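To start, the structure under review is shown below, and the notes come after it.
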Amino acid sequence: MESDDDCPCGLPLHYQDPKIEAFMRKLVARLGPTIVLTARGRSFEVSRHYIALHGIKAAELAVLGFPEVFHRS
């Protein structure tokens with residue numbers, strides 16, 4: 001997983017607005033750096049910073065390189 005100062009896209013965090021960056025850093029500190037997103041029957045552990053900086057499309061989850069999460073029933 002990336003450091004606190006890196007975006008999964010390979011760049012350092014690149015927020016344009018310092019207020020949004022401060023908000024996201026607090027959110028990540030409180031809730032953790034990732035969130036599990038499920039689409040089309042598959043779940044992936046996705047970086048909160050990536051979502052904030054780039055957005056996310058369900059159709060792209062499988063090809064972005066985020067780890068797939070398998071749930072036990």
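What follows is calculated from the coordinates using simple rules that are stated; it is not laboratory data. The structure displayed is predicted, hence computed values, not measured ones. Note: ideal-geometry Cβ built from the backbone for every residue, glycine included; neighbour counts use all protein chains shown.
Just a few scattered comments:
- Residues of the range 20-42 classified as more than 13 Å from the chain's Cα centre (by Cα), over 19 Å from Asp6 (Cα atoms) and surrounded by 13 or more Cβ atoms within 10 Å (Cβ to Cβ), total: 2
- Scan of the range 52-66 for residues that are surrounded by 12 or more Cβ atoms within 10 Å (Cβ to Cβ) and not small (Gly, Ala, Ser), ordered by number: Leu53, His54, Ile56, Glu60, Leu61, Leu64, Phe66
- Search result, residues across the range 1-55 that are without any contact (Cβ under 8 Å) to a residue 12 or more places away in the chain and either part of a helix (DSSP H, G or I) or in contact with a Ser or Thr (Cβ under 8 Å, 6 or more places away or on another chain) (or both): Pro18, Lys19, Glu21, Ala22, Phe23, Lys26, Ala29, Arg30
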